[in-house]
Structures are given as C-alpha cells and as structure tokens.
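Report on one structure; see the data block that follows.
Derivation of every value follows stated rules applied to the coordinates shown; laboratory data play no part. None of the values given here were measured: they were computed from a predicted structure.
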Amino acid sequence: MARYTGPRTKKSRAFGEPIFGYDKAFEKRKYAPGQHGNSRKRSTKSEYAIQLKEKQKAKYTYGVLERQFYKTFESAVRKHGVPGENLLRLLEQRLDNTVYRLGFAPTRSAARQFVNHKHVTVNGRILNIPSYTVKLGDVISIREKSKGLDLVQETLKLGGVKKYAWLELNSEKLEGKYVEIPNRDQIPETINEQLIVELYSK
C-alpha cells in the first residue's frame, strides 16, 4: 500500500508540530511552509477546514491512508464507548505503532518497514502485517536472527526509551507485552479526536 513519501519537515510545519517524531529541521523553522510562512497573517478557517486538518494530522501521525483510516473509524463507532477515544486506541493498537512505542524503531515508518520485512513476531509467530490489531496479552518480539540489526541496537542505545503504561518492555529479550488498553489521557498525541468524529458525522 502506498504511503506518504513527501517532505516530512514541510508537512510537520504545516501542522505546527513534529508529527513524525523529533525533527531537527522543524525545530529551526516552526512556522508554516512557503515564502511568506513566517509573516503571513492567518485567515479565519471554517469549521470544516479545522476538522479536516485534524483528521489529516491523525492520518499522517499514524501513517494511515484515507480508506484504512475510515475503516478504523467505522470500527471505533461500532465499539462500546466514546468513538473518538476508540479511534485513537485502535490506532495505538496497530502493530507498527506498538513496535515504535516499544522503542524497537526510531519512527513509525521505520517500524512499518521493520514489520514488513518479517523482523517482528507476535506470540512467537512471524507477522508482517503493520495494521494488525495487537490484543491484550500479545507478546511482541524482535525475531531472534534480527536482534543484532543496527537499527534496533542504535535505537535502544539512544537511551531514554519512553515507558508507556499499557506496554511491558523487556529490553534484554527485546520483547514487549500489551498489558492493557490505554486511556485517552495516557496517549501522548495532541489530536482533538472529537473534531474527527464531527467531520465524519456530517
């Protein structure tokens, strides 16, 4: 499936935050892209434009294309609970995102490639589907013959791998366990999910 391969810093500047992870170039230029990005007066945006931008931000953050994003939203609506919160939980439960959260890859796109290349196992079985929904109790591991890969070792050596309450990490074994479904306040992404619900409800 196709993925966004355009200029990431430019896209981050358009949203006003480093949605693809830490970006040195973004830190130097946090204003909007374009010739007049640093001085251009912002016109008042319509309600639709604000909602659309929030949806686009969520899509680019998690690396999901429109069709798959909408399918995820439909699944979120069918689940018990608040649709917006369910949406973010389902995005967090993606296998590529979980590999990223565990610190096995520096970015979500790197994690996706890692899964595609069969370096990851779930409950001992090789799984190369980035969109796989990780379930409670699932054990996500780096395949034995892939544990020495430079990408994994360098990412872990960066230090300060963030800990998340819903993931139990064993850095020595290079494996993690999904121990609970995260609450909205535990998910660090600055996405206003209610705007996405409102957009799709029109």
TODO: Return the subset of K55/K177; K71/K162; K59/K79; K118/K173; K57/K79; K57/K202 for which the Cα-Cα distance in this structure is over 26 Å, preserving the input order.
DONE: K55/K177; K71/K162
Task: Of every Cα-Cα pair in segment 54-202, the percent that sits beyond 20 Å - done: 46 percent
Open item on the list: Give me a comma-separated list of calculated 3J(HN,Hα) values for segment 81-91, in order, Karplus coefficients 6.51, -1.76, 1.60 applied at θ = phi - 60°, integers in Hz, x for any Gly or Pro.
Closed with: x, 7, x, x, 5, 4, 4, 5, 5, 5, 5
Task: Over segment 94-180, volume per residue of the alpha carbon convex hull, in Å³ - done: 78 Å³
